[in-house]
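Undergrad: If you scroll down you'll find the structure; I have some questions about it.
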Amino acid sequence: MCFSAALALPLLSNLEKNSANCTSNCSGKDEDSNKGQSFKLSLPAYKWRLVIAYDGTRFSGWQYQQSTPTVQCVLEEALTKKTKINRKELCLVGASRTDAGVHAWGQVAHFVTPFNYETLDGVHRAVNGLLPSDIRVREFSPAGPEFHARFSVTSKIYCYQVYNSTIMDPFLRHYAYHSEYKLDADVMRDAAKHFVGKHDFSAFANTSRNDRVPNPVKTILRFDVVEKGPLLRLEVEGSGFLYRQVRNMVALLLQVGRQAVPPDIVVRILESRDRKELAKYTLLLPPHGLSLETVKYNEEHLILPTDSPASSFGRHHSISKCKVLFV
């Protein structure tokens, strides 16, 4: 049994003087829904930022679930083994609660420890050594008290891959959706432009299991359709996304690319604010084509604390050369 939780650490103005409350969520719901459950951390406390990549194929998403493996659960176990700190005191928080089967190249998380590190290369290597091969910490960095993996976010970039050929590439079967219909990338780009800007995306959100009703108004900064041979990469950057919003938007763009519906159908469905309207034209796409590529942050929150160790990006092994004497 894996015992972990999605834990949110409030922003700390003075780590040396003040206690830190960490909201615990052991139900798979939004962190804000269980504000009553809290505890105090031992101080001083040091915060650390991780950039994580994972193959989501065998995981039930990022966030803790009671009976199935999740990325957060496995990462917490590795950190607990290395730091010898109780998982609640680690306060591991992820930037995005990716869904089951969704991958990530640039997931970001933070956690805290009551001690500092002189260097991070060793602990970085050790944590990766404790993780399974389908999860890797790409970057291990110190973080200031203002940084929060979730609340400091300014935008996120997701990519959905579509393999557009009569025969699927078997090496991409876990990372791209196969479309046997010939897709017109140009009309898909025309349709994608209608998503850009500030809109109510109620029509593109599935019902969430969370108790809280999220704000349906989101801002899409760009939506690109990139062709790489038979592979289409649909890259979308936004201030935030509703539950399964990206997969629903891409599903409609594929219908446009098949020329089953016109590009301006996007405007009509957006204005309806009704999920049932979208359901008339397309079904939800499977998760395996989707990946969280990058999470962007408020630059001021990325300023490193004074006297902190250098960030670790991993390091190459080296072979010691020895001289061979010939007589």
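Undergrad: How many residues does the stretch 52-111 hold that are under 13 Å from residue 127 (Cβ atoms) and in contact with a Pro (Cβ under 7 Å, 6 or more places away or on another chain)?
TA: Of the residues in that region, 1 qualify.
Undergrad: Sort through 223, 313 and tell me the only one that's closer than 30 Å to residue 46 by Cβ and not charged (D, E, K, R).
TA: 313
Undergrad: Okay, moving on. Among (1) of a type outside the set (Ser, Thr, Tyr); (2) open to solvent by 70 Å² or more (accessible area, probe 1.4 Å); (3) at pLDDT below 95, there is one condition residue 171 misses while meeting the rest; what is its number?
TA: (3)
Undergrad: Right, next: Please specify each residue of the stretch 166-191 satisfying the condition of being within 22 Å of the chain's Cα centre (by Cα) and either outside any loop (DSSP other than H, G, I, E, B) or basic (Lys, Arg) (or both).
TA: Matches in the stretch 166-191: 172, 173, 177.
Undergrad: Another question about this same structure. So, in the stretch 49-67, how many residues would count as being in contact (Cβ under 8 Å) with a residue 12 or more places away in the chain and open to solvent by 50 Å² or more (accessible area, probe 1.4 Å)?
TA: The qualifying residues number 4.
Undergrad: Let me ask something additional. Please count how many residues of the stretch 222-239 are surrounded by 15 or more Cβ atoms within 10 Å (Cβ to Cβ) and either at positive phi or assigned to a strand (DSSP E or B) (or both).
TA: Going through the stretch 222-239 one residue at a time, the tally reaches 10.
Undergrad: If I go through the stretch 134-164 residue by residue, how many of them are assigned to a strand (DSSP E or B) and farther than 16 Å from residue 53 by Cβ?
TA: 9
Condition check ((1) of a type in the set (Gly, Ala, Ser); (2) in a helix (DSSP H, G or I); (3) open to solvent by 50 Å² or more (accessible area, probe 1.4 Å)) across all residues:
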site	(1), (2), (3)
77	no, yes, yes
85	no, no, no
105	no, no, yes
108	no, no, no
126	yes, yes, no
132	no, no, no
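Undergrad: Going by the structure shown, is residue 147 hydrophobic (A, V, I, L, M, F, W, C), open to solvent by 20 Å² or more (accessible area, probe 1.4 Å) and under 29 Å from residue 310 (Cβ atoms)?
TA: For residue 147, the condition - hydrophobic (A, V, I, L, M, F, W, C), open to solvent by 20 Å² or more (accessible area, probe 1.4 Å) and under 29 Å from residue 310 (Cβ atoms) - is not met.
Undergrad: Then there's this: Can you tell me how many residues within the stretch 124-148 are under 19 Å from residue 71 (Cα atoms) and over 20 Å from the mean Cα position of the chain (by Cα)?
TA: 4
Undergrad: In the set 160, 117, which member is surrounded by 15 or more Cβ atoms within 10 Å (Cβ to Cβ), touching a Gly at 6+ places or on another chain (Cβ under 8 Å) and aromatic (Phe, Trp, Tyr)?
TA: 160
Undergrad: Name the single residue, out of those in the stretch 37-48 being within 29 Å of residue 314 (Cβ to Cβ) and open to solvent by 40 Å² or more (accessible area, probe 1.4 Å), that is modelled with the highest pLDDT.
TA: Here the answer is 46.
Undergrad: Are there any pairs, at least 6 apart or on different chains, whose C-beta atoms fall under 7 Å, with the first in the stretch 244-256 and closer than 17 Å to residue 61 by Cβ and the second of a type in the set (S, T, N, Q) and open to solvent by 10 Å² or more (accessible area, probe 1.4 Å), and if so, which?
TA: 244/206
Undergrad: Could you grab me the full set of residues in the stretch 278-317 that are in a loop (DSSP other than H, G, I, E, B), in contact (Cβ under 8 Å) with a residue 40 or more places away in the chain and closer than 14 Å to residue 245 by Cα?
TA: 284, 285, 286
Undergrad: Further question: Somewhere in the stretch 245-253, is a residue modelled with pLDDT of 95 or more and open to solvent by 20 Å² or more (accessible area, probe 1.4 Å)?
TA: There is no residue in the stretch 245-253 that is modelled with pLDDT of 95 or more and open to solvent by 20 Å² or more (accessible area, probe 1.4 Å).
The values are calculated or read from the model by the stated rules, or taken from the named source; none is laboratory data. Bear in mind that the values here come from a model prediction, so they are computed numbers and not experimental data. Every residue, glycine as well, gets a Cβ built from its backbone with ideal geometry; the counts of neighbours run over all protein chains shown. Only protein heavy atoms, including side chains, enter the accessible area calculation; ligands, DNA and RNA are left aside. Shrake-Rupley method; radii C 1.70, N 1.55, O 1.52, S 1.80 Å.
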